[in-house]
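Take a look at the structure below.
Readers should treat all values here as calculations from the given coordinates under stated rules, not as data from a laboratory. Note that this is a predicted model, so its numbers are computed, not measured. Heads up, the Cβs are rebuilt from the backbone with ideal geometry, glycines too, and the neighbour counts pull from every protein chain shown.
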Ligand SMILES: [Zn+2]
């Protein structure tokens, strides 16, 4: 008797609860930085899957079954765009994406559509390597871009899940407050590294370097997406000789051999930056991503 009563009361509670408590918005993020941002704005009203980790090169990914399964559930697809995921996202969308998450629908956010992109190409041909003709897509390392995209995301969550609009709005406000405070702190910190020069592996750092006021004097890749060659590295060596270069920047998923070679020849330190959330042990969220990036840049110079 008691047990029956207990079951009935539990059922009663379940039935009386608002449905919104159960229907979480499923967010399919292509990259860890967007998964982290979704978590900030969506809190426990959403479930987030990140298609990639910081250790994976987002330029090259396979549309594997686990990603198809995640895409099938998605209410919102939240990616970088600008061709970054061109090798796998269209396949996932075609095979497993519902009509509400296809490109240019309410359930699709391509973050790079909302920021001013660097390096937009007027003319592209195959001799240029694996370039990004729609502009450099690695937009996440400028704090202003993160704030812009946070607003876009909150707007979209209001529309997809109107019942919880007030909560998303509050989360956005909280995030913006902490972001503004952090950005102020970073602006003061970055003064000491302004005007420095670095060598990069791939042009993954364009937005970061612009924000920091740092110059990339050479890339280890001879052309975007092509692995370093001996002859190109000799050119890089010539370029950096006689200049004061403070670091060779490498992302977590990039091969270090060429950087090692250059470091040995020149004494310039290799600096591994997190690149995205999870890229180093200390970069556990968006704020610590920038904290750790700045710390590593400052330690090197
Ligand atoms: Zn790239």
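Computed over the Cα atoms of the range 190-300, the ratio of the radius of gyration to the Kirkwood radius (Rg/Rh) comes to 0.95. Would you compute, from DSSP H runs of 4+ residues alone, the mean residue ellipticity of the chain at 222 nm, taking -39500 (n - 2.57) per run and dividing by the full residue count, rounded to the nearest 500? Here the helix-only value at 222 nm equals -13500 deg cm²/dmol. Rounded to the nearest 10 degrees, the inclination of helix 143-160 to the longest alpha-carbon principal axis of the chain is 20 degrees. The peptide list 182-188, 76-82, 108-114, put in order of mean Cβ contacts within 10 Å with the highest first, becomes 76-82, 108-114, 182-188. Counting only alpha carbon atoms, the long axis of helix 165-190 and the longest principal axis of the chain meet at about 20°. Treating r as the C-beta distance of residue 241 and residue 185 and R0 as 41 Å, the FRET efficiency rounds to 0.70.
Quote the FRET efficiency, to the nearest 0.05, computed for residue 265 versus residue 299 with a Förster distance R0 of 22 Å and r equal to the Cβ-Cβ distance. Efficiency for this residue pair is about 0.50. Under conditions of 4 °C and 1.567 mPa s, the chain yields 62 µm² s⁻¹ as its translational diffusion coefficient, taking Rh as the Kirkwood radius over Cα pairs in the Stokes-Einstein equation. Annotation for residue 144 and residue 285: the two label points, set 7 Å from Cα along the Cα-Cβ direction, are 2.5 nm apart. Quick one: check the C-alpha center-to-center distance for the range 247-264 versus the range 55-95, whole angstrom. The two parts, judged by their Cα centres, are 28 Å apart. Take the alpha carbon gyration tensor of the range 69-205, find the square roots of its eigenvalues, order them as a ≥ b ≥ c, and report rounded if a/c is under 1.5; if not, report prolate when a/b exceeds b/c, else oblate. Oblate is the answer for the range 69-205, as a/c is 1.5 or above yet b/c matches or exceeds a/b.
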